[in-house]
Amino acid sequence: MARRPVAWVAAIVLFAEAFGIVLLNWFLGLVVDRQDMSLAGLDPRAMSAGAWIAGGLFGLYLLVCGIVLVRAAVADRAPGGFGRILLISAAVVHGLLGAFAIGLVGWLAFVFMMVVLALIVLTLVAYDRHENTEGGGEKSGPAAPPAPPASSPEPTTP
């Protein structure tokens, strides 16, 4: 199965998305700062700093998710507990952003978010299936009963 290539592609896409999010928020912060825009009386410098900080944090979040996927691809093993939770949260975030993207940005952004969501979920499911069926993790189903002790007949002397 194509577990490793899917994990690599998902990691590369998340790295590119992190870079794009940081650039977008940097640009938005510059626009707000240079236009002296204000929302409900907030200081424009505070709004631009908030955009830069939010972009940096979200970009860092996506980078960490990409690193978890790279580690899974290199080791060809499912991510651990924290990595799994991180990837599940990234899948949920992409699902929600995809739902918002339809109305706010358009169908192309929705399709991109759903492709990233599919890559993350496919990676999680593929490694989970591999771990459960090939002995890497806990087996699904009942355990086999222990074998009875082997008894050897005692030789008799004539």
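The values are calculated or read from the model by the stated rules, or taken from the named source; none is laboratory data. The shown structure was predicted, so the numbers you read here are calculated from the model rather than taken from an experiment. When we count neighbours, we look across all protein chains shown, and the Cβ atoms used for this are built from the backbone with ideal geometry, even at glycine. In case anyone asks, the SASA skips ligands and DNA or RNA and just uses the protein heavy atoms, side chains included. Shrake-Rupley method; radii C 1.70, N 1.55, O 1.52, S 1.80 Å.
Heavy-atom accessible surface of D33, to the nearest 10 Å², is about 40 Å², with a 1.4 Å probe and all protein chains retained. Along the Cα→Cβ direction, 7 angstrom out, place labels at L96 and L122. What is the inter-label distance in nm? About 2.5 nm separates the two model spin labels.
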